[in-house]
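Following: one structure in structure tokens, then a few remarks.
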Amino acid sequence: MILAAEGEQNLLLPAAYDIIWSLVVLAIIAVAFLKVLPVFTRILDERTARIEEGLAASERAKELAATSAAEQEQILLEARSEAAKLREDARGEAAAIVAEARTKATAEAARIAETAQRQIESERQAAAVSLRADVGSLATQLASKIVGESLEDAARQSRVVDRFLDELEAQTLAGSGSPAKEK
Amino acid sequence: MTDFYPPAIFFEGTIFEFNRITLVRLIAAAVLVTLFVLAARRAKLVPGRGQGVAEMALDFVRVQIAEDILGKENARRHLTLLTIMFFTIFAMNITGIVPFLNIAGSSLIGFPLVMAIVAYVAFIAAGVRKHGGLGYLKTSLFPSGVPWPIYIILTPIELISTFVLRPATLTVRLLVNMVAGHLLLVLCFGATHYLFLEAAPAFKAFGAITFAGGFAFTLFEIFVAALQAYIFTLLTAVYINLSEEAH
């Protein structure tokens, strides 16, 4: 200021007012920045924290998804193998059932056939028994007829008896073979 | 040259003499403070455009200057100072190319000197806090790992370079850059004005050249304003770092 007053202006020599106003300006800015900077610092820190948090969360979510996917895969695999086992079992069971049914049917058929056979046999025997009884009475009748008619010719007598027996035989055979023909 | 010593507006003749440059400084400070207060008031977690720009600028100081030179740990302690320094100097520099202000707040020695003193106090305080008063003098004047006769030469050199030249170079570099920038612009635009309006018709074409020169220097001054703020802050960070490190 003194220099300025003297009219001598030296660039490198400061005037007092110059320094004072520089200080004032610096003080204003410093005070403002001391208030402002912490705000920005806080915001930046908070944002950093938030971002880190977000990243961690997404990491966790990814892990969770991976494990659940693996679990599902496992479950699917188990279900598939179980289904395969069930199908296998069912197939085996069906085969067993069919086999059993077949043996049962076979046995039934055999039993029915046997029963029929037996019935036929017994009927045949009953027929034979009744026939025999008839033959006896017929023979007696015939004998009485022959005796009543004439017994002069022994040869004729035996012929008659033979013929009768032959007829009878033929009749019996036809009766047991197809009784319908006889009628 | 009288541009740098404009007539006083208020308080003429006192130490509070208030002139055009002082007014420019106050305006620059007011604009800077307003911008940052507005950005901070509306500061949200998800930044808008204004906040994004403010954060980018703050980040530039934090990453490019503080963390680069001092390392992440030490940067935290000095960040506030360096940030204030960078933005104040930039605001004072940029007024040189703002229309109607048209003179850098830092083109009068008071401001660079004050900033240099702040830097000076900062790096000495950092050294003293780290090593103690005597310890700091010892590490800065008697660097270890040197045979003792060398101290006869080395110590005076260190004394002058550390405690005299550092603040002096900080001051003069900033001052001269801003003064030279202003002179260049005044010359270019003054010549343009003269050539266009008052010179003989034959010379008018030269006016285009000087105007182009002035335009180029205006752009250059924007760059210089940022660069000088960066250099000043960077050197302060370097000095702080040197003070804290044992040699």
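The values are calculated or read from the model by the stated rules, or taken from the named source; none is laboratory data. From a predicted model like this one, the values you see are computed outputs, not experimental measurements. Counting neighbours? That spans all protein chains shown, and the Cβs are built from the backbone with ideal geometry, glycine included. We work out accessible area using only protein heavy atoms, side chains counted, and drop any ligands, DNA or RNA first. Shrake-Rupley method; radii C 1.70, N 1.55, O 1.52, S 1.80 Å.
About its Cα centre, how strong a charge dipole does region B:90-225 have in debye, to the nearest 20, once Lys and Arg get +1 and Asp and Glu get -1 at the Cβ?
Taking the Cα centre of region B:90-225 as origin, the dipole is about 420 debye.
So what does residue A:100 come to for accessible area, using a 1.4 Å probe and Å² rounded to 10?
Residue A:100 has an accessible surface of roughly 100 Å² with all protein chains in place.
Among A:113, A:135, A:146, whose Cα lies farthest out toward the positive end of the dipole of chain A, if unit charges sit on the beta carbon of Lys, Arg (+1) and Asp, Glu (-1)?
Result: A:146.
When the Karplus curve 6.51 cos²θ - 1.76 cosθ + 1.60 is applied with θ = phi - 60°, which whole-Hz ³J(HN,Hα) does each residue of region A:50-58 get, with x for Gly and Pro?
Result, rounded to whole Hz: 4, 5, 4, 4, x, 5, 4, 4, 5.
Relative contact order (percent) for region B:2-244, with alpha-carbon contacts under 8 angstrom and 6 or more residues of separation?
Values: 235 pairs, mean separation 59.7, N = 243.
Relative contact order of region B:2-244: 25 percent.
Using the Karplus curve 6.51 cos²θ - 1.76 cosθ + 1.60 with θ = phi - 60°, what ³J(HN,Hα) values do you get for each residue of region B:65-75, in whole Hz, with x for Gly and Pro?
9, 5, 6, 5, 8, 8, x, 4, 5, 6, 4
Among all stretches of chain B without exposed chymotrypsin sites (Phe, Trp or Tyr not before Pro) (DSSP loop, at most 13 other Cβ atoms within 10 Å), which one is longest?
B:101-247
For region A:16-132, count all C-alpha to C-alpha pairs, find those more than 23 Å apart, and express that count as a whole percent of the total.
76
Using a 1.4 Å probe, how large is the accessible area of residue A:36, given in Å² and rounded to the nearest 10?
Residue A:36 has an accessible surface of roughly 10 Å² with all protein chains in place.
When the solvent-accessible surface of protein heavy atoms is calculated with a 1.4 angstrom probe, in what order do B:78, B:131 fall, highest first?
Heavy-atom accessible area, descending, gives B:131, B:78.
Could you rank B:108, B:137, A:64 by how accessible they are, 1.4 Å probe, largest area first?
Solvent-accessible surface, decreasing: A:64, B:137, B:108.
For region A:87-167, report the accessible area per residue in Å² (1.4 Å probe, heavy atoms, rounded to an integer).
82
List, in order, the whole-Hz ³J(HN,Hα) value for each residue of region A:95-103 obtained from phi through the Karplus relation with A = 6.51, B = -1.76, C = 1.60 and θ = phi - 60°; use x for Gly and Pro.
4, 4, 4, 4, 4, 4, 4, 5, 4
Just for the Cα atoms in region B:2-244, what are the lengths along the principal axes, largest first, rounded to whole Å?
72, 53, 39
Taking amide H positions as placed in the peptide plane 1.01 Å from N, state which residues far from residue B:19 in sequence (5 or more) or on other chains have amide H under 5 Å from it.
B:9
Over region A:16-132, what percent of the accessible surface lies on carbon and sulfur atoms, probe 1.4 Å?
Values: 5640 of 8890 Å².
Looking at region A:16-132 in its full context, I get 63 percent from C and S.
On C-alpha positions alone, give me the angle between the axis of helix B:166-197 and the longest principal axis of chain B, in degrees, nearest 10.
Long axis of B:166-197 versus the principal axis of chain B: about 10 degrees.
In nm, give the distance between the simple-model label positions of residue B:80 and residue A:91, each being 7 Å from the Cα along the Cα-to-Cβ direction.
8.3
Separation of region B:85-139 and region B:161-219 by C-alpha centroid, Å?
24
Treat each spin label as a single point 7 Å out from the Cα along the C-beta direction, and report the residue A:132 to residue B:180 distance in nm.
15.9
So what's the net charge close to residue B:75: Lys and Arg +1, Asp and Glu -1, counting the other residues with Cβ under 9 Å from its Cβ?
Summing Lys/Arg as +1 and Asp/Glu as -1 gives +1.
Compute the long axis of helix B:110-131 from its Cα atoms, compare it with the longest principal axis of the Cα atoms of chain B, and write down the angle in degrees, 0 to 90, nearest 10.
Helix B:110-131 sits roughly 20 degrees off the main axis of chain B.
Taking chain B as the reference, fit the longest principal axis to its C-alpha atoms, fit the long axis of helix B:20-41 to the helix C-alpha atoms, and give the angle between the two in degrees, 0 to 90, nearest 10.
Once rounded, one gets 70 degrees.
Could you tell me the calculated FRET efficiency between residue A:102 and residue A:77, based on Cβ-Cβ distance and R0 = 41 angstrom, to the nearest 0.05?
Efficiency, rounded to the nearest 0.05: 0.60.
Set Lys and Arg Cβ to +1 and Asp and Glu Cβ to -1, take the dipole of region B:2-244 about its Cα centre, and tell me which of B:163, B:235, B:60 lies farthest positive.
So the residue we want is B:60.
Where the only charges are on Cβ atoms (+1 Lys, Arg; -1 Asp, Glu), what is the dipole of the protein assembly as shown about its Cα centre, to the nearest 20 debye?
So the magnitude is around 1300 debye.
Can you give the extra length, in nm with one decimal, that the chain gains between residue B:203 and residue B:169 once fully stretched, where that is 0.36 nm per residue apart less the Cα-Cα distance?
Stretched out fully, the residue B:203 to residue B:169 stretch lengthens by 8.1 nm.
Any idea of residue B:236's accessible area? Nearest 10 Å², probe 1.4 Å.
So the heavy atoms of residue B:236 present about 0 Å² to solvent.
With a 1.4 Å probe, what is the total accessible area buried between chains A and B, in Å² rounded to the nearest 100?
3700
Compute the orientation-averaged projected area for the protein assembly as shown from the convex hull of its Cα atoms and round it to one decimal in nm².
Numbers: hull surface 248.0 nm².
Taking a quarter of the hull surface, the average projection is 62.0 nm².
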